[in-house]
Amino acid sequence: MSEVVYTYDGSFDGFLSCVFARYANKEVPIAISRDEDFPPTLFPCRFIPTDPAHARRVLRKVLTLSPYGARLLQRGFLTCLPDRELALLNLVTTLLEEGPGFLRDRSHPAVYPVFRAVRHLEGEAHVLKGFVRFSDLGGVLGGEIEPKNRVLPLLRSHFCARYPQDAFFLYDRTHHEALLHAAGQAVIRPLADFQMAPPDEAEARYRTLWKRFYDTIAIRERDNPRCRMTHMPKRYWSTMTEFQGPDFFTPQSSPAGVPAPGAPAGKPVPGIPPAPGRSVPGSSL
């Protein structure tokens with residue numbers, strides 16, 4: 001088999017199309033990357049177009065062999081695992097060649113990196129259920145997160161069940177995509193450029209009350225920064241109300257109001273989700 005570099009559009013169906021191409025063309029991909037992310041190389045490089053029919057065939061075969069393997073594959077694609085596509089290709093290749101028995105051994109070289117990455121993904125999604133802070137922006141709840149993994153597909157069902165009657169959005173700063181919910185429907189869409197609007201008078205008061213509550217219940221004599229960072233890692237603080245500076249609590253209408261850094265004017269919040277279309281890969285998990 002010849003060695004080649006695959007590039008694709010970054011979607012889950014696009015990755016499955018790469019898996020199909022690997023067998024159809026009898027090639028050994030030494031790297032699989034998004035088209036715009038891969039640096040120049042001396043190896044032959046081929047762009048694999050996304051073919052939904054090929055993607056369905058691959059996923060159906062994996063599901064037939066092992067539903068658990070399919071779950072690892074789908075959730076593994078949402079992780080921040082280095083060389084993620086090669087690790088997932090190795091998982092699928094081993095499953096097709098050896099059958100599902102090896103999946104019971106979590107120390108297996110084809111299973112361990114994916115299993116560990118999925119566990120990290122699920123753990124991050126779990127803690128974010130408690131760390132997300134929503135703001136009321138003209139009757140629409142809005143929040144932002146900065147996760148390492150693409151956790152919005154895992155958070156979707158939780159927040160839709162928690163706010164079934166509310167319009168809300170949750171923006172992922174890291175991966176530039178947003179979960180949008182309104183009228184009982186939810187979608188995840190790419191959103192390259194987004195800036196949160198400053199609060200109005202009412203929202204600024206709510207933020208101040210939350211900050212005051214957080215400071216009031218603290219016991220200074222028992223202050224333990226290391227313990228706090230263990231249970232509430234510092235990398236989540238940038239989007240949590242209780243750790244923001246004075247500008248975050250200044251209403252837009254106030255003469256002293258100064259937009260927060262990186263959010264000079266804000267943009268209107270979408271009241272309803274965009275027209276139906278294909279959602280972000282894995283958003284149904």
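Miscellaneous remarks
- Scanning segment 126-142 for residues that are touching a residue at least 12 places away in the same chain (Cβ under 8 Å), of a type in the set (Gly, Ala, Ser) and surrounded by fewer than 20 Cβ atoms within 10 Å (Cβ to Cβ) turns up 138, 139.
- Options 57, 22, 46, 104: the member that is over 24 Å from residue 150 (Cβ atoms) and either touching a strand residue (DSSP E or B) at 6+ places or on another chain (Cβ under 7 Å) or β-branched (Val, Ile, Thr) (or both): 46
- The set of residues in segment 85-113 being buried (at least 16 other Cβ atoms within 10 Å of the Cβ), in a helix (DSSP H, G or I) and touching a helix residue (DSSP H, G or I) at 6+ places or on another chain (Cβ under 7 Å) consists of 85, 87, 88, 89, 91, 92, 94, 95, 102, 103, 113.
- Residue satisfying condition, being at pLDDT 90 or above, closer than 24 Å to residue 175 by Cα, out of contact with any helix residue (DSSP H, G or I) (no Cβ under 7 Å at 6 or more places or on another chain) and not charged (D, E, K, R), within set 15, 47: 47
- Among the residues making up segment 115-162, those that are within 10 Å of the chain's Cα centre (by Cα) and among the hydrophobic types (A, V, I, L, M, F, W, C) are 121, 125, 145, 151, 152, 154, 155.
- Residue that is surrounded by the most Cβ atoms within 10 Å (Cβ to Cβ), among those in segment 186-219 that are among the hydroxyl-bearing types (Ser, Thr, Tyr) and touching a residue at least 12 places away in the same chain (Cβ under 8 Å): 208
- No other residue among 43, 20 is of a type in the set (Phe, Trp, Tyr) and in a helix (DSSP H, G or I) apart from 20.
The values are calculated or read from the model by the stated rules, or taken from the named source; none is laboratory data. In this text the structure is predicted, and so the values were computed from the model without any measurement. Every residue, glycine as well, gets a Cβ built from its backbone with ideal geometry; the counts of neighbours run over all protein chains shown.
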